[in-house]
Amino acid sequence: MAAPHRPTARRIALGHELRELRKQAGLSIQDAAEGMSFSDTKLQRVETGLQDLRSAGDLRKLLDRYGVTDEDEVERLVETQRDASSQEWWSPHAANMNPGMPRFLGIESAAQEIRAYHPTIVLGLLQTEAYARTRHQTAKAIDETTTEFVNDGVKVRMMRKEALTREDEPLRLWVILYEPALRHVVGDVEVMREQYDEIERLAGRNNVTVQVLPQAMRGHLFVHDFSILNLGGKLPTTVQLDTAFGTASVADKPREVGRFSRHFEALSRSALPPEDTPKFLHQLAREISE
């Protein structure tokens with residue numbers, strides 16, 4: 001798989017640049033949007049990467065207001081906007097996604113490195129198709145979802161995993177799994193054995209690290225899953241959390257990123273070293289078959 005096309009990363013980068021240019025011009029968001037064809041609310045969403053201006057004409061007018069007159073610089077930003085407006089790879093499946101998931105997938109696709117923790121299930125990026133499908137099917141009646149929703153969810157999850165094994169710029173992933181997440185049986189013994197094998201296979205890659213947090217440990221324990229996504233360059237590191245309503249909540253505030261980074265570091269210190277993961281998985285495979 002080739003290096004990813006990253007419209008969301010372009011949108012975040014453009015918003016970041018526009019925010020800096022506005023500040024340099026000494027303008028508030030309200031001042032910048034005054035007399036424009038878009039509202040200050042939309043401009044705020046553009047600056048945070050939630051939306052793009054779409055119109056090159058609007059962007060040129062905004063840059064003119066900010067005092068950006070160098071034509072090469074203007075054309076560079078217009079080109080960035082054009083890339084940011086293109087469709088993401090997951091766009092055809094967006095209709096069958098929970099609220100917040102499309103934005104998270106865009107940020108995940110833009111990430112160069114992800115640190116993640118999950119206390120209850122195997123992290124999505126490590127799941128096999130059988131494990132993912134079983135989980136979707138089990139929740140189908142409870143969440144009142146459709147077969148199309150299940151099929152799309154599984155397909156998107158498997159496509160997300162390709163970021164770990166692509167030849168160019170593979171995603172760097174460091175995962176901490178709490179022991180109960182690995183002991184919880186999804187499907188049957190064969191599904192779990194295959195899942196253990198898949199975790200070991202992926203953990204054998206240079207770009208993937210997996211640690212197990214033993215249930216018997218006495219160190220720091222966190223009860224919610226979270227992911228810390230490093231987008232590289234000047235783009236803001238982002239934290240993602242799943243909510244009880246099935247939505248993905250994301251934040252790039254430095255205070256929140258710092259807080260969850262400290263959680264991750266504490267959990268990592270309490271977890272087994274990565275080289276012990278294969279042995280731990282083999283033991284689970286033997287126990288589950290007994």
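The values are calculated or read from the model by the stated rules, or taken from the named source; none is laboratory data. Quantities reported herein were computed from a predicted structural model and do not represent experimental measurements. Virtual Cβ from ideal backbone geometry, glycine too; neighbours counted across all protein chains shown. When the accessible area is computed, the model is the full protein with side chains, heavy atoms only, and any ligands, DNA or RNA have been set aside. Shrake-Rupley method; radii C 1.70, N 1.55, O 1.52, S 1.80 Å.
If you count only protein heavy atoms with a 1.4 Å probe, what accessible area per residue comes out for the chain, rounded to a whole Å²?
Accessible surface, normalised per residue, equals 51 Å².
In what sequence, largest accessible area first, do R22, R133, R286 appear using a 1.4 Å probe?
From most exposed to least exposed: R286, R133, R22.
What full-extension length gain, to one decimal in nm, is calculated for E113 and R183 as 0.36 nm per residue of separation minus the Cα-Cα distance?
Fully extending the segment from E113 to R183 adds 22.5 nm.
Give me the net charge of E79's neighbourhood, meaning all other residues with Cβ under 12 Å from the Cβ of E79; Lys, Arg count +1, Asp, Glu -1.
-1
Roughly how many debye, to the nearest 20, is the charge dipole of the range 228-269 about its Cα centre, given +1 on each Lys and Arg Cβ, -1 on each Asp and Glu Cβ, and no other charges?
200
Within the set K23/K161; K42/K140; K161/K279, which residue pairs have Cα atoms separated by over 28 Å?
K23/K161; K42/K140
Using a simple charge model, +1 on the beta-carbon of Lys and Arg, -1 on the beta-carbon of Asp and Glu, nothing else, what dipole does the range 136-290 show about its Cα centre, in debye to the nearest 20?
Dipole size: approximately 660 debye.
What percentage of the solvent-accessible surface of the chain, computed with a 1.4 Å probe over protein heavy atoms, is contributed by carbon and sulfur atoms?
Here it works out to 48 percent.
Taking the DSSP beta bridges in the chain as the whole, what percent of them are antiparallel, to the nearest 5?
In the chain, DSSP labels about 50 percent of beta bridges as antiparallel.
Dipole of the chain, Cα-centred, from +1 at each Lys and Arg C-beta and -1 at each Asp and Glu C-beta, to the nearest 20 debye?
Charge dipole, the chain, about its Cα centre: 560 debye, nearest 20.
Which entry in (i) 20.8; (ii) 21.9; (iii) 19.8 is this structure's computed Kirkwood radius over Cα pairs in Å?
(i)
Could you let me know the centre-to-centre spacing of the range 111-187 and the range 195-220, using Cα atoms, in angstrom?
Rounded to whole Å, the Cα centres lie 14 Å apart.
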